[in-house]
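Since the structure comes first, as structure tokens, the remarks are kept for the end.
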Amino acid sequence: MTTRPPLVLTVAGSDSGGGAGIQADLKAMLALGVHGMSVLTAVTAQNSRGVHGVWELPEEAVRAQYRAVVDDIGVHAVKTGMLATAPLVETVAELLADTDAPVVVDPVGVSKHGDPLLAASALESVRKRLLPTATVATPNLDEVTQLTGVRVERETDMRTAAEAVLAYGPRWVLVKGGHLPTGAEAVDLLTDGTEEHWLRAPRHDNRHTHGTGCTLASAVAAGLARGLAVPEAVREAKAYVTGAIAAGFALGEGIGPVDHGW
Ligand code: PLP
């Protein structure tokens, strides 16, 4: 008899190009040895050149998918990604408010191509309803600015950014400094307001980074589902995504995806 793998649920949007969103989440989960399940929030028509259309699912479809998974199969960790609209953010926050499973919130705002994946009218719901449900929130620097108004121009600003996000109630925040000009290293800060972990990894000069954020958040959720503490789960996830970026490959005419098969 084989043992049951840890169970991880992603609540996110679909990327028809297979590089980000639900598709990246499920690939990362497979690569990391957990059973991936999905609650689809929106469908995007997307390729390496950008997002060409977005169709949100009704709130009741999101609620029904979530209940179907949780009431029968169960979950050991949840990851949220693209939630698209204020009603969907509110719905997901309400569902997560009484879960015992750790929750990783990737507060997805805008894609690397500059295409909006979250309505401006949903920002307040992300701040007030979604972030308080998070065991770990994983904003990049643009998302930090969008959510808190804090601009990060140098490494030391990341502490101010982290404090501003923590004020909304996540237990931990991982501020991803990948877009900062920090030379040969990509620097992230993980903190719960007491402990501080500065994570440094070699920067790979590869433009094929589509799906990086989704992959990182899914890898953190996979680690938490396996019972790791937050700092260990984040450290392992960062190592995984660094390898996936190094192996990122060209696809189509634009930005290709990170690679889960290394
Ligand atoms: N499409 C979907 C459905 C996503 O969830 C995301 C990110 O979370 C993206 C696209 C953006 O991916 P990237 O900014 O890595 O290109």
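Tabulated values for the structure
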read-out	value
Selected residue (criterion: surrounded by the fewest Cβ atoms within 10 Å (Cβ to Cβ)) from residues of the range 51-103 that are of a type in the set (D, E, K, R) and under 19 Å from GLU143 (Cα atoms)	GLU90
Any chance ALA162 is in a helix (DSSP H, G or I) and among the aliphatic types (A, V, I, L, M)	yes
Any hit, the range 58-65, residues being away from the ligand (no atom under 11 Å from the Cβ), in a strand (DSSP E or B) and either closer than 19 Å to LEU117 by Cα or in contact (Cβ under 8 Å) with a residue 60 or more places away in the chain (or both)	no
Subset of the range 144-159 (residues that are assigned to a loop (DSSP other than H, G, I, E, B), touching a Ser or Thr at 6+ places or on another chain (Cβ under 9 Å) and over 19 Å from THR212 (Cβ atoms))	VAL150, ARG151, ARG154, GLU155
Selection status of ARG171, within 16 Å of the chain's Cα centre (by Cα) and surrounded by fewer than 17 Cβ atoms within 10 Å (Cβ to Cβ)	yes
Some residue of the range 228-237 being in contact (Cβ under 8 Å) with a residue 12 or more places away in the chain, within 16 Å of the ligand (Cβ to nearest atom), within 28 Å of ASP15 (Cα to Cα) and not in a strand (DSSP E or B)	yes
Residue identified as assigned to a helix (DSSP H, G or I) and surrounded by fewer than 22 Cβ atoms within 10 Å (Cβ to Cβ) among LEU123, LEU131	LEU123
Residue count, the range 47-57 (criterion: in contact (Cβ under 8 Å) with a residue 60 or more places away in the chain and closer than 14 Å to THR85 by Cβ)	1
Residues within the range 44-61 that are closer than 16 Å to GLY211 by Cβ and under 20 Å from the mean Cα position of the chain (by Cα), tallied	6
Segments classed as strands (runs of 3 or more DSSP E), wholly inside the range 167-207, with at least 3 members that are without any contact (Cβ under 8 Å) to a residue 40 or more places away in the chain	185-191, 196-202
Residue check, GLY74 out of contact with any helix residue (DSSP H, G or I) (no Cβ under 6 Å at 6 or more places or on another chain) and in contact (Cβ under 8 Å) with a residue 24 or more places away in the chain	yes
Residue ID - nearest to the chain's Cα centre (by Cα), chosen from residues in the range 104-116 that are surrounded by 24 or more Cβ atoms within 10 Å (Cβ to Cβ) and within 7 Å of the ligand (Cβ to nearest atom)	ASP106
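Bear in mind these aren't lab numbers, they're just calculated from the coordinates by the rules spelled out. None of the values given here were measured: they were computed from a predicted structure. Cβ atoms come from the backbone with ideal geometry, glycine included; neighbour counts cover every protein chain shown.
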